[in-house]
Amino acid sequence: MSAENPEVYVDPFTGERISAPAPINCTPEEVDCAVAKIPRFERRILVLHRIDGLSFQQIAERERISVRRVEKALVKALTTFRHALKKMGKLG
């Protein structure tokens, strides 16, 4: 999140300023399609964190990678997901 406005995020890959996530109206199939666009490694890290509930440290230890690598993988996963939804016309 941005220090000056907690409702704004900065995409680390593009530098684009992103407002806080808005609710989306997607079918489960559309969500599956967007998730399928996430590269395998990043998707695995996303599942370990969001579905399995592991902390960054736990994921790092399990995957034998740095915590920073976990952070970057999650950012890439979520950015890819967001861009896929945008292409489907589900995000503005």
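Listing for the model above:
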{"item": "Residue match in region 23-36 (condition: aliphatic (A, V, I, L, M), part of a loop (DSSP other than H, G, I, E, B), at pLDDT below 80 and in contact with a helix residue (DSSP H, G or I) (Cβ under 7 Å, 6 or more places away or on another chain))", "result": "yes"}
{"item": "Counted residues, region 55-92 - those being over 15 Å from the mean Cα position of the chain (by Cα), closer than 22 Å to Asn25 by Cα and not small (Gly, Ala, Ser)", "result": "3"}
{"item": "Residue among Arg50, Arg17, Arg43 that is surrounded by 14 or more Cβ atoms within 10 Å (Cβ to Cβ) and either within 19 Å of Glu71 (Cβ to Cβ) or at pLDDT 65 or above (or both)", "result": "Arg43"}
{"item": "Selection count where residues are in a helix (DSSP H, G or I) and in contact with a Leu (Cβ under 6 Å, 6 or more places away or on another chain), scope region 75-92", "result": "2"}
{"item": "Selection from region 62-71 of residues that are surrounded by fewer than 18 Cβ atoms within 10 Å (Cβ to Cβ) and in contact with a helix residue (DSSP H, G or I) (Cβ under 9 Å, 6 or more places away or on another chain)", "result": "Arg62, Glu63, Ile65, Ser66, Val67, Arg68, Arg69, Glu71"}
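The values are calculated or read from the model by the stated rules, or taken from the named source; none is laboratory data. This one's a predicted model, so the numbers in the text were calculated from it and none came from an experiment. We place every Cβ from the backbone using ideal geometry, glycine too, and count neighbours over all the protein chains shown.
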